[in-house]
């Protein structure tokens with residue numbers, strides 16, 4: 001005897017009864033409730049789905065497709081009924097209707113992980129490598145981290161990533177071979193930008209953008225390392241490298257005025273800098289800090305200050321200019337990070353560089369060479385390391401971003417002044 005209510009229940013009662021019966025494993029009673037519910041409400045999506053599943057289990061594929069197709073058409077913003085229909089069509093080897101159902105599911109939600117995986121699997125079976133790789137790449141892009149992913153999807157997402165990577169490697173090999181002649185024919189022109197675009201497209205390198213933590217000037221191209229020829233005024237500073245180095249060595253011998261490069265207070269988040277916060281492993285000797293000249297340091301390094309005066313230093317009261325000697329002790333790494341504003345860029349003048357030191361900005365890794373300045377956008381992710389047994393020393397100072405015109409520079413200066421006036425303190429953007 002059925003335990004489904006014999007009286008004429010409301011729709012809500014039947015639905016609750018069916019769901020409870022399913023949870024308890026009483027599937028025949030649940031099915032009876034779903035059928036009775038369809039009498040009252042022929043367009044009930046959950047009931048249609050249950051009827052379709054039962055028909056599919058029994059091998060009545062005509063009834064199953066009819067029920068699941070109707071549920072999918074009525075489901076609105078839920079892609080799952082379309083995926084149920086696609087799965088049924090796959091069982092029946094009806095590839096035309098399977099693909100149509102997958103398209104409908106992705107119309108509902110173009111970023112549905114299961115729909116993207118099923119589309120990739122569909123194209124995989126068809127031998128359509130490019131379409132499969134594209135669908136799998138989209139699936140991997142929207143997939144949550146493995147620890148948050150449904151266990152039953154782990155293998156499918158891993159397969160998707162493997163197919164995507166294999167396709168990209170095959171495509172990369174083909175393009176490298178096909179384009180080599182064209183690249184050789186460029187006759188000495190700089191094609192590094194094209195090479196990087198190819199590497200990013202193929203997933204061999206990451207795409208890095210300018211990500212200042214506080215102030216962004218839009219429409220400035222993110223340049224990792226600027227062409228040295230754009231800064232002729234650097235000649236004098238580079239030529240004075242040995243004088244700057246000698247002044248630093250005198251300061252180092254006196255061992256006064258050095259401070260940890262990072263000095264976050266206990267109530268501030270330190271994130272990736274926890275190991276270096278308030279640590280002498282990365283320290284600084286400030287010549288100019290937050291726009292203020294350190295009179296003691298300037299008196300000890302007069303030639304350095306004279307040379308710095310020839311640089312187009314940014315004027316942002318309470319923030320810039322800045323100039324310092326940066327000391328990185330042996331076996332110390334500065335983790336990836338970004339700077340505060342792309343209104344200015346940084347210059348590194350290497351002074352003491354033992355073997356085993358390196359510097360990365362975006363996709364480019366450079367070695368510091370004493371006396372050879374590097375100009376870079378520090379709002380692009382960058383990191384540095386000293387894997388040697390000796391001290392590494394670089395003079396760092398900032399300059400206006402070279403693409404800013406004079407009016408933009410004056411306006412940024414005025415903005416910094418206005419912010420300081422509003423806040424009642426000369427502390428730049430963080431107000």
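Okay, here's what the table says:
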quantity: Evaluation of residue 24 against (1) loosely packed, with under 15 Cβ neighbours inside 10 Å; (2) within 44 Å of the chain's Cα centre (by Cα) (one fails), failing number; calculated: (2)
quantity: Selection from segment 110-148 of residues that are over 21 Å from residue 166 (Cβ atoms) and more than 20 Å from the chain's Cα centre (by Cα); calculated: 110, 112, 114, 115
quantity: Flag for residue 67 being in a helix (DSSP H, G or I), touching a helix residue (DSSP H, G or I) at 6+ places or on another chain (Cβ under 8 Å), assigned by TED's automatic domain parsing to the domain that holds residue 107 and modelled with pLDDT of 75 or more; calculated: yes
quantity: Exclusive hit being within 21 Å of residue 12 (Cα to Cα) and buried (at least 17 other Cβ atoms within 10 Å of the Cβ), set 45, 80, 39, 108; calculated: 45
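The values are calculated or read from the model by the stated rules, or taken from the named source; none is laboratory data. Predicted model only: the values in this text are computed from it and were never measured. Glycine also receives a Cβ, built like all others from the backbone with ideal geometry; neighbour counts cover every protein chain displayed.
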